[in-house]
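Here's the structure, in structure tokens; my notes come after.
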Amino acid sequence: MGYVKFLGTAGARFVVARQLRSSAGTWIELGGTQLLLDPGPGTLLRARKSRPALDPTKLSAILLSHKHLDHSTDVNIMIEAMADGGFKRRGTLLAPGDALEGDDPVVLRYVRPFLERIETWHAGAEHEVAGLAIRPVPHTHGSVETYGLVLDSPEGRVGFVTDAKFTPELAVSYAGCRLLVLNVVMRDWKPDVDHLSLPEAAEIIRTVQPKLAVLTHFGATMLRGNPRGLAAELAKTLGIPVIAAADGLTVGSAEWA
Ligand SMILES: [Zn+2]
């Protein structure tokens with residue numbers, strides 16, 4: 001049985017800076033393969049303090065959606081931990097090109113040899129990690145290269161709508177996802193914002209029609225609005241199960257079967 005475990009659910013700088021929620025990443029097991037998405041600040045600590053503790057040396061890959069700090073702060077230490085402290089060469093890093101090259105790369109050069117494989121996301125590409133097919137979805141999100149992800153696994157198709165400015169076409173890329181995880185930073189829609197608001201997330205969920213939608217990566221307005229209540233309201237409106245992630249929440253694949 002696969003699962004998605006939310007080590008952290010913080011989004012946006014205010015919530016992350018004050019650690020109103022944990023900003024650790026999302027641990028994924030599908031088809032027996034373990035992956036880590038967006039290792040924000042506190043990921044290694046939260047992984048080891050989890051019950052049962054999560055073991056970085058069991059990871060096959062680290063997936064980085066984009067290089068903003070709340071997604072990438074722990075990427076270097078997690079690469080080292082995946083490689084058993086850098087003593088073994090193991091694991092894959094999948095990341096945007098600007099996380100690796102250019103003026104301000106976030107992946108340190110000295111940890112790169114610890115990895116067996118580094119691949120950069122490209123629109124239309126498909127990546128394979130231990131039997132899982134991973135397809136990046138290009139997002140518009142400020143000035144940094146950003147991707148959402150669609151994973152095809154024995155437990156079905158799983159989509160992560162990471163940080164994104166809403167476009168009506170966005171939902172099309174996530175067609176067929178049985179589990180859809182969405183980064184919903186803002187409760188209310190505002191023009192020209194690089195993050196999804198709750199009404200925009202609702203539109204994506206309505207189009208994709210997943211078996212289960214999980215909201216995460218909350219900014220201050222979502223937290224003040226009570227994410228659990230907002231998710232329950234949305235579920236009622238859409239007639240689709242929608243839940244709000246909490247720090248440490250594990251969602252098992254039976255819930256999206
Ligand atoms: Zn971001």
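In the full protein context, the stretch 116-257 carries 43 Å² of accessible surface per residue, based on a 1.4 Å probe and ignoring ligands, DNA and RNA. Peptides 81-91, 207-217, ordered by how many other C-beta atoms sit within 10 Å of their residues on average, highest first, read 207-217, 81-91. Comparing Trp27, Met186, Thr162 along the charge dipole axis of the chain, the residue lying farthest to the positive side is Trp27, per the Cβ-charge model.
Sorted on the mean count of surrounding Cβ atoms within 10 Å across their residues, most packed first, peptides 18-27, 224-233 read 18-27, 224-233.
Out of every Cα-Cα pair that the chain contains, those further apart than 28 angstrom amount to 25 percent.
Gain on full extension, evaluated as 0.36 nm per residue between Lys58 and Ala257 minus their Cα-Cα distance, stands at 69.2 nm. Within the accessible area of the stretch 65-176, the carbon and sulfur atoms contribute 54%, probe 1.4 Å, all protein chains present. In plain terms, the chain from Asp188 to Ile77 could stretch by 36.4 nm, reckoned as 0.36 nm per residue minus the Cα-Cα distance. Summing +1 for each Lys or Arg and -1 for each Asp or Glu among the other residues whose beta-carbon sits under 13 angstrom from that of Asn183 gives -3. Per-residue ellipticity at 222 nm, computed for the chain from helices alone with -39500 (n - 2.57) per DSSP H run of at least four residues, works out to -5000 deg cm²/dmol. Placing +1 on the Cβ of every Lys and Arg and -1 on the Cβ of every Asp and Glu, with nothing else charged, gives the chain a dipole about its Cα centre of roughly 840 debye. Accessible surface of Leu238, taken over heavy atoms with a 1.4 Å probe and every protein chain present, rounds to 30 Å².
Gain on full extension, evaluated as 0.36 nm per residue between Phe87 and Lys49 minus their Cα-Cα distance, stands at 11.4 nm. Pairs with C-alpha atoms separated by more than 19 Å, drawn from the list Lys67/Lys165; Lys5/Lys58; Lys5/Lys211; Lys5/Lys88; Lys58/Lys88, are Lys5/Lys88. Here the spin labels are modelled as points 7 Å beyond Cα on the Cα-Cβ line, and at Lys236 and Thr140 they lie 3.4 nm apart. With a 1.4 Å probe rolled over the protein heavy atoms of all chains, the accessible area of Trp256, Trp189 falls in the order Trp189, Trp256, largest first. Once C-alpha pairs closer than 8 Å and six or more residues apart are averaged by separation and normalised to the residue number of the chain, the relative contact order reads 18 percent.
The values are calculated or read from the model by the stated rules, or taken from the named source; none is laboratory data. This one's a predicted model, so the numbers in the text were calculated from it and none came from an experiment. Using ideal geometry, Cβ is built from the backbone for each residue, glycine included, and neighbour counts are taken over all protein chains shown. Side chains included, ligands, DNA and RNA excluded: accessible areas come from the protein's heavy atoms. Shrake-Rupley method; radii C 1.70, N 1.55, O 1.52, S 1.80 Å.
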